[in-house]
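One structure is given here, and the rest of the page talks about it.
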Amino acid sequence: MAHGLSEAGLDVIAFERGPWRDTAQDFPPTYAPDEYRYRVRHELFLRPAQMTFTFRNNASQTALPIRDWGAFMLGNGVGGGGLHWNAEMWRFEPSQFVLKTHLTERYGAKFLPAGMTIQDWGVTYDELEPHYDRFEYLCGTAGTAGNLKGVVQPGGNPFEGPRSRPYPTPAQKQPYSATLFAKAAREMGHQPFPQPSGNMSQPYTNPLGVTLGPCTFCGYCEWFGCGNYSKASPQTTILPALVKSRGFTARDNCEVLRITLDGAGKRATGVVFVDADGEEWEQPADLVLSCAFTPFNVQMLMLSGIGRIYDPATKRGVVGRNFTHQTVSTAQAFFDPKTVRFNPFIASGAIGMCIDDYNGDNFDHGPLGFVGGGYMGQVQTNGRPIETTPVPTGTPTWGAKWKAAVKENYNSSIYAGSGVHGCFYAYDDVFMDLDPTYKDRFGRPLVRMTIDFHENEHKMSAFLTDRYAEILRAMGATRVDKLPRTGHYNVTDYQTSHLCGGAVMGADPHSSVVNRYQQSWDVPNLFVIGASSFPQNAGYNPTTTVGALTYWTLDAIVNQYLKAPGPLVQA
């Protein structure tokens, strides 16, 4: 967004709470693969002492502060989550953008669970396709096309929406375990394909003239910066071009406290921020874009008095509504060490073979009693020594027997942390608001998360995990330990960092915060960019859709808003 607006001739100032980060200085290959430093001690992430949230499962409970990250991770510094991610680059399938309409037409309105508040996005896949394409080519995405201009292609995902051209680079080469998964899935009648990846399969120079190198399969992607310039990130795709843009200024170690409004509260006049010395400043602006991680976009709106905060008792208000996460599950598979030897250490963040047969509405939900789904695959992203210690369920958690089990199984087991990447649909009792008790270091109320799984997600997770386990057994596993998502949502078990919603887009200001261009219904010169716009979360990783929406909004600002400032959609 900053690069596009600068190229359009605007003066752009970007504020970042954390430090500036460069590959050469911050992630050299000599010490970037430090699992204890980055995975265990969270070197790249926001410190809860800087900012945290409170959490509870339902409105009858008292929320308490999260004092260590578990279920999700929050990036800190220039690059944000795009720096420490795995680079799994999925497009959402077309029906996801008209989900409420699609499911209602196929199954009837009564089939949806009580309290489920899914809705259409206000934008379609066909409208976003050119912007998906642009983001994929910015990132050098490696993959095998499954649908070119409406024609299904061999070896790709047959369920994906039509794409206008192939991926910019071919799919990554696959390790033995992923190849074995694909063979078993294919023999069972599924349609496996390589996961679309932001880890480069070959050298690539993007349209901005920035060159990425080929992946070395070191297995240090998620939680780490890439010292090889092989993983698509802001540092490796756009920052080298952005810093040369005329009129662009970056202010790191500066935290925005609130958006300022005119006397009528209908126009943003700038932002108030605190610099690294703790001094407070006001930056005037004609146009304000909030491009933070999901809960921080929502918090910024609430603290700035923009939009009505959602009230679960009355079901009125929109800011904080339709908050979602992900329903991830997996299974561990153990093989005979005398006949099967894997090398889990050879990996990248987005390597793997997947199937999409059980995602979205690609299968008949009628007899199953739930909606939603997810992709699944052998997507083991690393074999790092501290984190990767696969042992069968029931093994002692320490001591000589545990060590013996790790030694026996390390090279003859597979454990994809997110083998099943399930969706999380929206409900009227899952939301964000401002905590009445706990405040941050500036005295502002923390965001309070109220979130729990529902029966629909439990049924979906059990069904998907069973299908996944069937494929693992077909691979020849002698033992499969299934790990479906059960019980209450908790903030200690890592899922993904895919928090979504809270400032959702839509066609009606009574059920959305922003219109189809991510423009605030209440303050037309404010755009709220990111996964906070998702009305619900699909069974895919969200970053490629965030990138497509960003280009979609950039196009609307440059070609519509700047020519006639004001609401782009009339309420």
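The values are calculated or read from the model by the stated rules, or taken from the named source; none is laboratory data. Owing to the predicted nature of the structure, the values given are computational and were not obtained by experimental measurement. Positions of Cβ are backbone-derived with ideal geometry, glycine not excepted, and every protein chain shown enters the neighbour counts. The area values use the complete protein model at the heavy-atom level, side chains included, leaving out ligands, DNA and RNA. Shrake-Rupley method; radii C 1.70, N 1.55, O 1.52, S 1.80 Å.
Could you say whether any residue in the stretch 76-93 is assigned to a loop (DSSP other than H, G, I, E, B), touching a residue at least 12 places away in the same chain (Cβ under 8 Å) and among the polar types (S, T, N, Q)? Yes, that holds for at least one residue.
For Gln202, the criteria (1) under 22 Å from Arg384 (Cβ atoms); (2) in contact with a Pro (Cβ under 8 Å, 6 or more places away or on another chain); (3) of a type outside the set (Gly, Ala, Ser) hold in every case but one, which is (1). The conditions are (1) closer than 30 Å to Tyr415 by Cβ; (2) crowded, with 21+ Cβ neighbours inside 10 Å; (3) touching a strand residue (DSSP E or B) at 6+ places or on another chain (Cβ under 8 Å), and Trp121 fails exactly one of them. Which is it? Looking at each condition in turn, Trp121 falls short on (1). When restricted to residues that are part of a loop (DSSP other than H, G, I, E, B) and open to solvent by less than 10 Å² (accessible area, probe 1.4 Å), the stretch 468-493 contains 1. Going residue by residue through the stretch 106-116, is there one that turns out to be among the basic types (Lys, Arg) and surrounded by 17 or more Cβ atoms within 10 Å (Cβ to Cβ)? Scanning the stretch 106-116 turns up no residue that is among the basic types (Lys, Arg) and surrounded by 17 or more Cβ atoms within 10 Å (Cβ to Cβ).
Residues Thr465, Thr496: which one is at pLDDT below 95, open to solvent by less than 40 Å² (accessible area, probe 1.4 Å) and of a type in the set (Ser, Thr, Tyr)?
Working: Thr465 fails: at pLDDT below 95.
Exactly one residue qualifies, and that residue is Thr496.
When Leu64 is tested against the conditions (1) over 30 Å from Gln380 (Cβ atoms); (2) open to solvent by less than 60 Å² (accessible area, probe 1.4 Å), the lone failure is (2). For the stretch 10-29, the candidate set comprises residues that are β-branched (Val, Ile, Thr) and either part of a helix (DSSP H, G or I) or crowded, with 20+ Cβ neighbours inside 10 Å (or both); within that set, the residue that is farthest from the chain's Cα centre (by Cα) is Val12. Among the residues making up the stretch 537-571, those that are outside any loop (DSSP other than H, G, I, E, B), polar (S, T, N, Q) and touching a residue at least 60 places away in the same chain (Cβ under 8 Å) are Asn537, Thr543, Thr544, Thr545, Thr550, Thr553. Among the residues of the stretch 34-84, those identified as hydrophobic (A, V, I, L, M, F, W, C) and touching a Lys or Arg at 6+ places or on another chain (Cβ under 6 Å) are Ala63, Val78.
Contact map, the stretch 274-297: first residue at positive phi, second residue of a type outside the set (Asp, Glu) and assigned to a loop (DSSP other than H, G, I, E, B), Cβ cut-off under 6 Å, separation 6 or more or different chains; the map is empty.
Only residues that are touching a Gly at 6+ places or on another chain (Cβ under 9 Å) and at pLDDT below 95 were counted in the stretch 236-278, giving 2.
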